[in-house]
Amino acid sequence: RTEGWYLKERVLISPDGGTTGVMRTLLARLRQENAVVSIVGDHLGTQNITTPFLHGRAQFAIGAPALAWKAGSTLLPAFAFRTGTLRYRVVIEEPISVDRTLDRKESVESAVEEFSHRMQQAIASHPGSWANWNLYLRRTSIFGNPPVATA
């Protein structure tokens, strides 16, 4: 409810997972209105990239860097850390490079890998602020592979 005070609009991905309309809307906000768009990466998209993550692998949706590449926008990663009871600190980091001299696929892969690296640093710095990071710790699995989780 609190974040609603600061939002002009909320664009949600439909339960069937279709993102075409959502991406068109967000691209219009970036290109035509020069608006700020915040994407929360707590789900997989229709297209994802798997990267090494801690001692396992994680999948990340490509939507945010693909939109930044297409719109010529800046991609700013942000992380929230718990600092006390009902107290949090939000850190907006330096931009992740979205290199438009590369083709879209290469640029997006590079941006996702950079985000994965920064997220690992954030987890290492503030492990108590993250849920399920322990899924990526090296351990023996009866299936022979480290667990794959989504970020």
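The values are calculated or read from the model by the stated rules, or taken from the named source; none is laboratory data. Note that the structure is predicted; figures quoted are calculated from it, not measured. Methodologically, a virtual Cβ is constructed for each residue, glycine included, from the backbone with ideal geometry; neighbour enumeration extends over all protein chains shown. Quick note on the areas: whole protein, heavy atoms, side chains included, nothing else; ligands and nucleic acids left out. Shrake-Rupley method; radii C 1.70, N 1.55, O 1.52, S 1.80 Å.
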Practice task
Working carefully through the options Thr50, Thr46, Thr83, Thr101, find the one that is exposed (fewer than 15 other Cβ atoms within 10 Å of the Cβ), part of a loop (DSSP other than H, G, I, E, B), at pLDDT 90 or above and not aromatic (Phe, Trp, Tyr).
Solution key: Thr101
Handout entry: Set Gln120, Gln59: member being touching a strand residue (DSSP E or B) at 6+ places or on another chain (Cβ under 8 Å), assigned to a strand (DSSP E or B), surrounded by fewer than 19 Cβ atoms within 10 Å (Cβ to Cβ) and among the polar types (S, T, N, Q)
Key = Gln59
Practice task
May I ask you to list pairs of residues, at least six apart or on different chains, whose Cβ atoms are under 7 Å apart, with the first in region 119-130 being farther than 14 Å from Ala58 by Cβ and the second being at pLDDT 90 or above?
Solution key: His126/Phe81; Gly128/Arg82; Ser129/Phe81; Ser129/Arg82
Practice task
Kindly indicate whether Leu67 is more than 19 Å from His126 (Cα to Cα), surrounded by 15 or more Cβ atoms within 10 Å (Cβ to Cβ) and touching a residue at least 12 places away in the same chain (Cβ under 8 Å).
Solution key: yes
Practice task
Identify, from the list Glu93, Glu9, Glu3, the residue that is of a type in the set (Asp, Glu) and surrounded by 13 or more Cβ atoms within 10 Å (Cβ to Cβ).
Solution key: Glu93
Practice task
Collect the residues in region 89-98 that are part of a loop (DSSP other than H, G, I, E, B) and free of Cβ contacts under 8 Å to residues at least 24 places away in the same chain, keeping them in residue-number order.
Solution key: Glu94, Pro95, Ser97
Practice task
Confirm whether Gly21 is open to solvent by 30 Å² or more (accessible area, probe 1.4 Å), at pLDDT below 85 and within 13 Å of Phe115 (Cβ to Cβ).
Solution key: no
